[in-house]
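What follows is calculated from the coordinates using simple rules that are stated; it is not laboratory data. Everything numeric here is computed off the predicted structure, so don't read it as measured data. Here the Cβ positions follow ideal geometry from the backbone for every residue, glycine too, while neighbour counts run over all protein chains shown.
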């Protein structure tokens with residue numbers, strides 16, 4: 001049996017398992033269970049591509065979409081038997097089926113991700129938005145975490161299909177405030193790019209960055225965002241003589257009012273230097289992801305080869321050392337790792353007796369997504385390290401959103 005055949009067989013087995021789990025979740029005798037059966041039969045007959053969705057850890061996004069659509073049967077405008085199907089990708093199939101069942105008015109394709117986004121990723125709220133907008137409500141009128149102007153709404157509804165809903169909102173917000181494309185991409189590459197909490201404060205930050213666009217190098221946008229998030233919003237673990245305790249953010253009332261680009265960069269640089277001085281004493285178990293080693297032969301036969309290692313960091317001291325080596329704020333991620341929100345990996349280059357960290361990688365293991373990959377001073381991954389990251393992510397079935 002070829003590797004492709006083995007993969008197809010494994011995927012069919014996992015799809016059958018996901019369907020069984022869906023029935024267990026919906027419960028015997030429920031209306032949603034019978035509705036799910038009808039949707040499943042319809043999809044198998046008219047758009048089997050939906051069941052070809054790649055697995056996301058233990059989740060099957062295609063099956064999840066059918067479950068969630070079944071739970072919203074009370075707002076259906078049409079029955080699945082009237083659907084003509086969709087023969088393209090699984091995402092397109094999910095969107096076409098959702099629009100057929102729910103929509104009275106046109107809905108952008110990227111909003112279909114609401115139906116297969118997990119609840120802990122905001123899926124429940126996104127599905128409510130989809131239904132309300134499909135019924136005719138202006139998107140900006142919904143219960144959004146950020147204030148959306150008419151201009152931002154127009155940009156949002158024209159978002160590229162590959163964007164997630166929160167990143168599409170963030171992109172529309174930034175563009176509507178006057179940010180150019182490179183600045184938008186720099187912000188979207190940060191963890192706040194897809195986290196819409198604390199919307200009022202971040203609006204002032206985006207206005208500051210737009211106003212100081214010429215005075216701030218794009219490579220500094222990531223460090224600035226990390227710095228502001230840490231001092232204003234992040235609780236950190238601190239080791240004391242009486243044991244470990246949690247410390248509230250040092251400046252929860254920090255404001256952008258009266259700041260200049262130079263003063264902000266000075267504050268940020270001092271904070272980054274200080275990260276190397278503290279450690280929280282936290283540890284956490286390794287993730288299911290596997291390490292990888294790749295050896296590159298040198299161009300000069302007399303020179304040593306370069307060996308690349310993907311290494312997972314499993315305690316706060318390792319995060320501290322990584323942060324000190326690459327001058328970014330991963331030292332502050334200990335609590336996120338302990339809670340399972342993030343897993344941190346380091347890509348290291350070994351040449352002879354010397355090993356150095358090259359990029360630090362943040363992975364959301366539950367969603368199977370690489371959300372950040374940063375080098376020295378929070379610079380984006382590029383070149384050979386980026387190519388290796390793509391290779392490793394492909395092997396581990398991770399999506400790249402960097």
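Take the convex hull of the alpha carbons in segment 125-176; its mean projected area over all directions comes to 3.3 nm².
Calculate the tail of P(r) for segment 11-148: the fraction of all Cα-Cα distances greater than 21 Å, expressed in %. Tail of P(r) above 21 Å: 38 percent of Cα pairs. Neighbour counts of C-beta atoms inside 10 Å place 361, 216 in the sequence 216, 361, starting with the fewest. Over the chain, what is the relative contact order in percent, taking alpha-carbon pairs closer than 8 angstrom and at least six residues apart? Value for the chain: 10 percent. This ranking places 376, 246, 392 by how few other beta-carbon atoms lie within 10 Å of each, fewest first, which gives 246, 376, 392.
Once the Cα atoms are used to define both axes, helix 3-26 deviates from the longest principal axis of the chain by about 70 degrees. Against the main long axis of the alpha-carbon atoms of the chain, helix 31-46 sits at an angle near 90°. For segment 160-275, with equal point scatterers placed on the C-alpha atoms only and solvent neglected, what are the log10 I(q)/I(0) values from the Debye formula at q = 0.10, 0.22, 0.24 1/Å, to two decimals? Taking Cα atoms of segment 160-275 as identical point scatterers yields -0.33, -1.32, -1.51.
A simple spin-label model places pseudo-atoms 7 Å from Cα toward Cβ; at residue 52 and residue 395 they are separated by 2.7 nm. Sorted ascending by nearby beta carbons within 10 Å, beginning with the fewest, 256, 148 become 256, 148. The Cα trace of segment 342-389 gives Rg and Dmax of 11.4, 37 Å, the first to one decimal, the second as a whole number. So what's the angle, to the nearest 10 degrees on a 0 to 90 scale, between helix 199-211 and the longest Cα principal axis of the chain? Rounded to the nearest ten degrees, it is 60. Remark: relative contact order (segment 1-109) = 25 percent; criterion is Cα-Cα distance under 8 angstrom and separation of 6 or more residues. Each of (1) 138; (2) 180; (3) 166 is a candidate for volume of the Cα convex hull per residue in Å³; the one calculated from this structure is (2).
For segment 303-402, what class follows from the C-alpha gyration tensor (a ≥ b ≥ c being the square roots of its eigenvalues): rounded when a/c is under 1.5, otherwise prolate if a/b is larger than b/c, else oblate? Note, shape of segment 303-402 comes out oblate.
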